[in-house]
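The values are calculated or read from the model by the stated rules, or taken from the named source; none is laboratory data. Just so it is clear, the model here is predicted, and its values are computed rather than measured. FYI the Cβ positions are ideal-geometry reconstructions off the backbone, even for glycines, and counts take in every protein chain you see.
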Amino acid sequence: MTEEGETSAPRRFARAREHIAFVRALVQRQPKTFAIAVGGAFVYALCTVASAIVIRWVIDNVIVPRFRDGDVATSTLVAGCTLIIGVGVLRAASVVVRRSFAGITQWRIAESLTNDVIDRLVTQPATWHQRQSDGRLVARGGVDVDTTVGVMAPIPFATGTVLLIVVAGVWLVLTDLVLGLVAVAVFPVLMVLNVVYQKMVDRHFDAAQQALGDFSGAVHESFEGVQLVKAYGAEERETKRLTEIASRIRDARVRAVYVRGTFEALLEVIPSATNIGIVVLGAHRIDGGHLTIGELSSFIFMFTVLVFPLRLIGYALSELPHSGAGYRRVQGTIDDPLEPDPAAAVVVAPSGAAVVLEQVTYRFADATGPTIEDASATIPEGTVTAFVGATGAGKTTLVELMSGLVGPTTGRIALADGERAIVFQEAFLFGGTVRDNVQVGLPMNDDEVWEALRLAAADQFVRELPDRLDTVVGERGVTLSGGQRQRVALARALARHPRLLFLDDTTSALDPATELQVLDNLRTALGESTVVMVASRPSTIALADDVLFVQQGRITAHGAHDDLLRDVPAYREIVEAFETDRSAPFDASGAHAAGGGT
Amino acid sequence: MTDTVVGEPSGPYSATTAIGRGLEEAPVLRQGLGVTWLLAAVGAGGRVVVPVLIQQAIDNGMDIDATGSERVRMGFIVGCALVAMGALAIAAVCQRTAVVRLGTRSEQALSDLRTRLIEHIHRISLADHNDERRGALVARVTSDIETLSNFFRWGGLAWLIDGTLMVIVASVMLAYNWFLALIAIGISIPLFFVLRLVQRHLVTAYDRARRRNGDMLASISELVTGAETIRAYGAGGMFAARAKGAVRQRADAQIRGNMIGAFLFPLGEVFSVITIAAIVTAGVLIGPAGGLTSGALVGFIFLTYRYLEPIAEFTEVLDQTQTAVSGLRRVLGVLDMPVGPPAPQQPQHLPPGRVSIDIDDVTFSYRSRADRALADDALFESAVLERVSAFIPAGQQVAVVGATGSGKTTLGRLIARFADPITGQIRVGGVPLSQIDNTELRRRLVVVAQEPFLFDDTVAENIRFARPEATRAEIERIVDLLDVRDWLDGLTDGLDTSVGERGESLSAGERQLVALLRAGVADPDVLVLDEATSSVDALTEVRISRALTHLAEGRTSIAIAHRLSTAARADRVLVLHEGRLVEDGHHDELIGAGGTYARLYDAWLSATSAS
């Protein structure tokens, strides 16, 4: 034996142990239904052997006597037929039981795994989410779970098949030693062949699947950029590029076809050839008086019905690594340690202050430098404060820190007690009605919902929606424009009458006139509340009592807008840039003016 | 669902015409189909070898006399076995060849079909490309073709083999004894219908499961994309409960489908044993008098399984076929979508050098809701242009302004020939747009879109998209020409910086810069610029307008302007209002005139200034 062989055997054992552990962990989630399914498979195995025995009995005691002796007792005939149908029906019933319960096992396990993932998704803090790819997280609860439980469908049958092979083998050998040994020798050959087949064909199918994934991505990208493709007359070039990727799918599949053709033919031929051998050998044994015609036929019958279960074992074995990999991915998400809730670290601010930052530094997990460095500030209660700075200066991170969504790496954050609400730059609407989206679980009557919508200047367009408050929005409902979504999200925040409201460039998607109206509503409605907002329009900034000027992660100036304009050149520069060329899309505001003017 | 929007024709294709048209689109499939079928039939014949051998061995190889002693003619049996082995070998080779032939041809055909689809989709009108439809179009090229591929992998072969196999088995049975054969065939007929019935329920159940699966994924996806909002509103418990409800419904639907499926396979089993019992009873009752032999009766038992197998398989294949045909219908529906502006019959060349643009009495309206996707705001109103005329001399820099829905974006798209006017004509360099060869037009006239699209590649490759043969030195030259070297040097890998999916690693303004460089490399004579409305930080803004000024130099340029500064800088401003050209002149003139433009300007000024 080579050294390589010696090292690979333990490794194979380790992998087998891993598979067993993984299957056991799954079964533990649904042990009862799994046991019933396996029980059904066992009954099936026993019935299969029984049906071979019945065939033998009928041939030897009904058919052969009738044609040899010319007569057979009616009771024997009735008994034979009853046995055939009885065993057959029992066998069929066992399949129903096994498959139903295997299904229940499979999908209930999937349910419990997905629920575990869901629990993680809602308890892990926002920072954990920020580090993960959205698509992958969704896959954990969906595709990965489905792959994991995929193996649960064939496992009861495969277990039953193992029993079937043992019982059938024993029975064959007991019936006729010579013939039995020949037949039993073929089982492992078929099994190995099936496993090898699955492995080989899987490699190509996996390659095809991979190519299909690449292809889908490329096609999606190309269609998304179709205007660009057209603008540069690049249609032919793109078609050629995509066709090349598509040809990888074809090539992998064609390779699989060759493997399939060969193995399917082999798997068809080997049992048939064995049967032919059994006929010859069996005839010889009959000649010697060791065997009856019925016994010979039942051998062949046994072989015919065993072909399918043997295939399934190959399938189940080849499915194990896929499922195992899926399970590891799911488990990785479920077992990822819970990170502390940053909101818990927030302390209560001294009276009179809405927000206090004390030497706050924040650094992304994989970033080289800090995003926020040594930020200290006090925002008094009842004021409107604006964060102003260039893109990427750290304004959004500051708002996330202050709202308790993200915890500081060092430093301390104190907030005034009471209801807090935040509206993000990208409004997020849930699949549901407008009302659901404003309430988000908070009980309130329609008047309150409408009042919140009015303050957010959203009442008018909601009134024009087909079902008003009951209009379904989001992915599967009515498509709202960016500005409309923002206003619904804002209404969601205002409905809570927050004592502290954070707006992350929320109103920039609105046209300037609507923005002013909304900010005006905020002023009157919120009264004593504190508003902290990221602002980028001069008109918005001018509304603030206080401005915090942010440059490269540091708060470099704090004061009234006019004072900063006068005293801080960098601030003046950026605001002037806003003013001279900063776009409020001027057709949007123009729509009002021009509409009134003509 | 969006899937019904695209390529679900209102019924021009029955199953047979769809298949006919499909074969036309993929001629590879038809090549040598007869030979493949013949090979498959011979291969299927291999399945009756063993039952026939048993019958022969029992009837002619063994003499069973009344005393019960059995004399076996080994020579005969060995001879038969050798023949059987030979037949089996031939059948196996034929089967393999048939599988390989069908497999390679179908994959080739599907590959060709993918190419045809992509080619066509790139050519259909921009109006048919929008966010809602994109997923559906991608599905046509991927998942619908996959249903066809699945079909060929299993169903296609079954169609070739199953019928033939049943005919072969039935013939052997008929040859043994016509009465018993009729019993077997008679019993199989109700099996077929029962199986169909169960199948139909199964399909409905799995459809439901698929929908529930979609709901489940949507609610999980909400937990992920809405993570921040959910936390900000402390709504984790509520959303988890909501998602778990969807998960439970999905599991229930799957289990239900599974239950129905659990009855399918055993049905064949039950019918098999009933058939065998019936045949044995009838065989025993007839006895040797009817010419029946014990070997034939035993052979019948085996043949019964061989006969019923394909029925069970075939009922499954019928549904797979339905799925494949509806996939094919959707694919054909896309191939039937009209392509964008038609290619000219006799393409004309543009004169060399700078060219003028003559907008001559152009009227345009969006014919259908789909077309309206082109308009600024597709939601409620359709934008139209009414008898717009303007002559733009070569080298002039024009800004088109107007309120939302005024038709300015539409005008830009007509000049770029993404659509043709209903009446009137646009001429470039004196040649009607519809007469210009597309390749030449795209080389001479370039559009920079509002939200420029970037491929998930490097900055350099995205720039090179305009002209794949452009050298590095040429790109560098354009970088200097547009004066954006300082920005480029600030990127981690300069020109080799990856822009990420849709260019998301860059800011909106930086994506614009890449788009301008791309236009620069194309070196067009006409530049159509659809200005962005999105917010851009001040420094990038300065770079963009600097790059734009350099890019527009010496070219005829039309900016669909959303910004005051662009209009103020232009040689000439065209003001559109409700689809009509209402004002035409320089910024200063128009301000002085106190018309629509002046009002737009006032509104903008008061909204954006701090004082």
*Specify which of the listed residues (B:F314, B:F302) is under 20 Å from B:A44 (Cα atoms) and within 9 Å of chain A (Cβ to nearest Cβ).*
B:F302
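Quickly run through the stretch A:42-55 and pick out the residues that are under 13 Å from A:L83 (Cβ atoms) and within 11 Å of chain B (Cβ to nearest Cβ).
Let us first name the residues in the stretch A:42-55 that are under 13 Å from A:L83 (Cβ atoms), namely A:47, A:50-55.
Scanning the stretch A:42-55 gives A:C47, A:S51, A:V54, A:I55.
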*asked:* Any residue in the stretch A:284-301 that is within 16 Å of A:I63 (Cα to Cα) and within 9 Å of another protein chain (Cβ to nearest Cβ) sitting within a Cβ distance under 6 Å of a residue that is at pLDDT below 85 and outside any helix (DSSP H, G or I)? List the pairs, counting only those 6 or more apart or interchain.
replied: none
*For A:D206, which of the numbered conditions (1) over 30 Å from A:R91 (Cα atoms); (2) among the charged types (D, E, K, R); (3) buried (at least 19 other Cβ atoms within 10 Å of the Cβ) fails to hold?*
(3)
*Going through the stretch A:465-487 one residue at a time, which ones are within 22 Å of A:Q517 (Cα to Cα) and at pLDDT below 80?*
A:L465, A:L480, A:S481, A:G482, A:G483, A:Q484
*Would you check if there is a residue in the stretch A:242-263 being touching a helix residue (DSSP H, G or I) at 6+ places or on another chain (Cβ under 9 Å), more than 7 Å from chain B (Cβ to nearest Cβ), of a type in the set (G, A, S) and closer than 30 Å to A:I300 by Cα?*
no
*Among the residues listed as B:D162, B:D144, the single one being acidic (D, E) and more than 13 Å from every other protein chain (Cβ to nearest Cβ)*: B:D162
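Only one of these is within 12 Å of chain B (Cβ to nearest Cβ), on the phi > 0 side of the Ramachandran plot and among the small types (G, A, S): A:G441, A:G418, A:G382, A:G394. Name it. I'd like the intermediate steps shown before the answer.
Values: A:G418 fails: within 12 Å of chain B (Cβ to nearest Cβ); A:G382 fails: within 12 Å of chain B (Cβ to nearest Cβ); A:G394 fails: within 12 Å of chain B (Cβ to nearest Cβ).
When all the criteria are applied, what remains is A:G441.
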*B:R47 being modelled with pLDDT under 90, buried (at least 19 other Cβ atoms within 10 Å of the Cβ), in a helix (DSSP H, G or I) and among the basic types (K, R)*: yes
*Counting just the residues of the stretch A:320-357 that are within 17 Å of A:V406 (Cα to Cα) and among the acidic types (D, E), which one comes out surrounded by the most Cβ atoms within 10 Å (Cβ to Cβ)?*
A:D341
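Among the residues of the stretch B:236-280, which ones are closer than 27 Å to A:L442 by Cα, more than 7 Å from chain A (Cβ to nearest Cβ) and over 36 Å from the mean Cα position of the chain (by Cα)?
In the first step, residues of the stretch B:236-280 are kept if they are closer than 27 Å to A:L442 by Cα; the result is B:236-249.
Those left that are additionally more than 7 Å from chain A (Cβ to nearest Cβ): B:237, B:241-242, B:245-246, B:249.
Within the stretch B:236-280, just B:G237 meets the criteria.
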_Condition broken by B:V284, with the remaining ones in (1) under 24 Å from B:L53 (Cβ atoms); (2) in the same structural domain as B:G45 (by TED's automatic domain parsing) satisfied_ = (2)
*Failed condition for B:G186, given (1) out of contact with any helix residue (DSSP H, G or I) (no Cβ under 8 Å at 6 or more places or on another chain); (2) buried (at least 17 other Cβ atoms within 10 Å of the Cβ)*: (2)
*Does B:A419 satisfy the criteria of being among the small types (G, A, S) and either in a loop (DSSP other than H, G, I, E, B) or more than 32 Å from the chain's Cα centre (by Cα) (or both)?*
yes
_Criterion first (within 30 Å of B:R413 (Cα to Cα), at pLDDT 80 or above and of a type outside the set (V, I, T)) does B:L117 satisfy it?_
yes
*Close pairs (6 angstrom Cβ cut-off, 6 or more residues apart or separate chains): under 14 Å from B:T164 (Cα atoms) and of a type in the set (K, R) in the stretch B:31-49, part of a helix (DSSP H, G or I) and modelled with pLDDT under 85 anywhere*: B:R47/B:R306
*May I ask you to say which residue of B:E501, B:E476 is within 27 Å of B:F418 (Cα to Cα) and assigned by TED's automatic domain parsing to the domain that holds B:V446?*
B:E501
*Could you please give the count of residues in the stretch A:103-123 that are more than 8 Å from chain B (Cβ to nearest Cβ) and over 17 Å from the mean Cα position of the chain (by Cα)?*
1
*Those residues of the stretch A:397-415 which are over 11 Å from A:A354 (Cα atoms), away from chain B (no Cβ under 14 Å) and of a type in the set (A, V, I, L, M, F, W, C), in sequence order*: A:L398
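Going by the conditions given, is B:R71 without any contact (Cβ under 8 Å) to a residue 24 or more places away in the chain and farther than 28 Å from A:L266 by Cα? Quick ask: steps written out before the conclusion?
Details: without any contact (Cβ under 8 Å) to a residue 24 or more places away in the chain: yes; farther than 28 Å from A:L266 by Cα: yes.
Considered against the rule, which asks whether it is without any contact (Cβ under 8 Å) to a residue 24 or more places away in the chain and farther than 28 Å from A:L266 by Cα, B:R71 comes out as yes.
For the stretch B:217-235, enumerate the residues that are more than 7 Å from chain A (Cβ to nearest Cβ) and either touching a helix residue (DSSP H, G or I) at 6+ places or on another chain (Cβ under 8 Å) or part of a helix (DSSP H, G or I) (or both). Quick ask: steps written out before the conclusion?
Step one: list which residues in the stretch B:217-235 are more than 7 Å from chain A (Cβ to nearest Cβ), which gives B:219, B:234.
Within the stretch B:217-235, just B:S219 meets the criteria.
Please enumerate the residues belonging to the stretch A:54-77 that are β-branched (V, I, T) and under 19 Å from B:S272 (Cβ atoms).
A:V54, A:I55, A:V58, A:I59, A:V62, A:I63
Inside the stretch A:531-550, can you point out the residues that are more than 12 Å from chain B (Cβ to nearest Cβ), buried (at least 16 other Cβ atoms within 10 Å of the Cβ) and either of a type outside the set (D, E) or not in a strand (DSSP E or B) (or both)?
Here is the first cut: in the stretch A:531-550, the residues more than 12 Å from chain B (Cβ to nearest Cβ) are A:531-533, A:545-546, A:548-550.
This time we only want the ones that are buried (at least 16 other Cβ atoms within 10 Å of the Cβ), so: A:531-533, A:546, A:548-550.
Answer for the stretch A:531-550, where residues must be more than 12 Å from chain B (Cβ to nearest Cβ), buried (at least 16 other Cβ atoms within 10 Å of the Cβ) and either of a type outside the set (D, E) or not in a strand (DSSP E or B) (or both): A:V531, A:V532, A:M533, A:L548, A:F549, A:V550.
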*Restricting the search to the stretch B:544-571, which residues are charged (D, E, K, R) and either more than 10 Å from every other protein chain (Cβ to nearest Cβ) or in a helix (DSSP H, G or I) (or both)?*
B:R546, B:E553, B:R555, B:R569, B:D571
*Name the residue, out of B:V400, B:V431, that is within 11 Å of another protein chain (Cβ to nearest Cβ) and over 32 Å from the mean Cα position of the chain (by Cα).*
B:V400
*Considering only the stretch A:128-150, state which residues are more than 9 Å from chain B (Cβ to nearest Cβ), more than 19 Å from B:R210 (Cα to Cα) and either assigned to a loop (DSSP other than H, G, I, E, B) or touching a helix residue (DSSP H, G or I) at 6+ places or on another chain (Cβ under 7 Å) (or both).*
A:S133
*Give the stretch A:481-502 a look and list any residue that's touching a strand residue (DSSP E or B) at 6+ places or on another chain (Cβ under 8 Å), among the basic types (K, R) and crowded, with 24+ Cβ neighbours inside 10 Å, or say none.*
A:R492
*Can you name the residue in the stretch B:233-259 that is within 30 Å of A:I422 (Cα to Cα) and among the aliphatic types (A, V, I, L, M) and, of all such residues, is surrounded by the most Cβ atoms within 10 Å (Cβ to Cβ)?*
B:V247
